[in-house]
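In what follows, a single structure is set out as structure tokens and then discussed.
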Amino acid sequence: MQIAQTPDNSMPVSPAPYPFEINRIGEVAGAEIIGLDLSQPIDAATKDAILRAFLEHHILVFRDQSLTKDEQARFSENFGELESHVGRHPSGEQYHIVHTVTNLGPDGKPEPKVMPKGNYYWHTDKSYHEVPSLTTMLHAIEVPEEGGDTLFANTRMGYETLTPEMKSRIADLKAEHSWEASRRNTNSAPATEEQKKARPPVTHPIVRTHPDTGEKTLYVGMHVSHIHGLPKDESDALLAELLEHTTQPDLVYTHQWRKGDYTMWDNRCLLHRASPNYDAATERRVLHRTVIIGTKPY
Ligand code: OGA
Ligand code: MN
């Protein structure tokens, strides 16, 4: 095997150290970053280091943060274009670009049914869009005493650990993703005609190439309707098998939230889901959320 060498034939240099404290916190993904204050503007070198850490660890957890919504929007915009939200509050009010994931009702009291049900199923954000989300950022404002975790499955490792036979079987397969299928797959209220028109089905490869690292990942989850060109039974069985494989406990990092955590995860190589492992009727869970638009999967 040929070993990559630098142009002057010297040995490859070790990667530059990070200009902040960073500790790996999960087996398959996840690193915490200590000592940065994201409410303040960051310089180019810090931004580059964050991006490097993001590609290496897939989920970054900045500890002990306290950002206003405007500060969160400003920090998020370092990494691309913010995704706006199609929906409106029941009151008709447009969502702020930084919106809230919570179990609190309009009266500010815990209400077990407030959180979108779909969040409890494995998914990668907005895969029912032609151009899905790159990173999702959640800032923990209030967290339950116990539980209320978020689970992340490493889909690069999911792909890597498939058998050679499975890799060649799925190499060229494409799947349809849609809001309608997502509602169906998560036992949620069916999509309305208006929603179906606003979000028509899209097609993405099952094996996605990460645009920044070139690595292959499994691009599946609850927004998938079916695989093109296969009988329904076979498509359903294959999708279930791939999902089960890449979300096996060995490939999952479980994030236990601390108040002040600011997470940033890579939707291109992770699936995620909320865990219902807390008492949503009495505990308070409030997270501020921003999303950066990605690129069309290939
Ligand atoms: C999300 C999401 C999960 C959670 O914000 O996209 O899926 O644990 N959240 O709140
Ligand atoms: Mn999500």
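The residue pairs whose first member lies in segment 13-32 and is over 17 Å from residue 256 (Cα atoms), whose second member is loosely packed, with under 12 Cβ neighbours inside 10 Å, and whose beta carbons are closer than 9 Å, counting only pairs six or more residues apart or on different chains, are 13/6; 19/45; 20/35; 21/35. Residues that are out of contact with any helix residue (DSSP H, G or I) (no Cβ under 8 Å at 6 or more places or on another chain), free of Cβ contacts under 8 Å to residues at least 60 places away in the same chain and hydroxyl-bearing (Ser, Thr, Tyr): does segment 138-154 have at least one? Within segment 138-154, not a single residue is out of contact with any helix residue (DSSP H, G or I) (no Cβ under 8 Å at 6 or more places or on another chain), free of Cβ contacts under 8 Å to residues at least 60 places away in the same chain and hydroxyl-bearing (Ser, Thr, Tyr). Going residue by residue through segment 239-252, is there one that turns out to be among the aliphatic types (A, V, I, L, M), over 21 Å from residue 29 (Cβ atoms), modelled with pLDDT of 95 or more and away from ligand 2 (no atom under 16 Å from the Cβ)? Yes, the conditions are met somewhere in segment 239-252.
Total residues in segment 228-248 satisfying the condition of being under 15 Å from residue 166 (Cα atoms) and either acidic (Asp, Glu) or open to solvent by less than 30 Å² (accessible area, probe 1.4 Å) (or both): the figure is 8. In the condition set (1) of a type outside the set (D, E, K, R); (2) open to solvent by 20 Å² or more (accessible area, probe 1.4 Å); (3) within 15 Å of ligand 2 (Cβ to nearest atom), residue 298 is compliant with all but (3).
Here is the figure for segment 265-295: residues that are within 13 Å of ligand 1 (Cβ to nearest atom) and surrounded by fewer than 17 Cβ atoms within 10 Å (Cβ to Cβ) total 4. The residue that is nearest to residue 178 (Cα to Cα), among those in segment 97-111 that are surrounded by 14 or more Cβ atoms within 10 Å (Cβ to Cβ) and away from ligand 2 (no atom under 16 Å from the Cβ), is 97. Of everything in segment 188-215 that is free of Cβ contacts under 8 Å to residues at least 40 places away in the same chain and part of a loop (DSSP other than H, G, I, E, B), the residue that is nearest to residue 265 (Cα to Cα) is 214. Here the strands (runs of 3 or more DSSP E) wholly within segment 8-87 that include at least 1 residues being among the charged types (D, E, K, R) are 21-24, 31-34.
When residue 219 is tested against (1) more than 13 Å from ligand 1 (Cβ to nearest atom); (2) surrounded by fewer than 21 Cβ atoms within 10 Å (Cβ to Cβ), just one condition goes unmet, and that condition is (2). Identify the residue in segment 112-142 that is hydrophobic (A, V, I, L, M, F, W, C) and open to solvent by 40 Å² or more (accessible area, probe 1.4 Å) and, among all such residues, is farthest from residue 222 (Cα to Cα). My answer is 141.
The values are calculated or read from the model by the stated rules, or taken from the named source; none is laboratory data. None of these values were measured; they are calculated from a predicted model. Glycine gets a Cβ as well: all are built from the backbone with ideal geometry, and neighbour counts include every protein chain shown. In case anyone asks, the SASA skips ligands and DNA or RNA and just uses the protein heavy atoms, side chains included. Shrake-Rupley method; radii C 1.70, N 1.55, O 1.52, S 1.80 Å.
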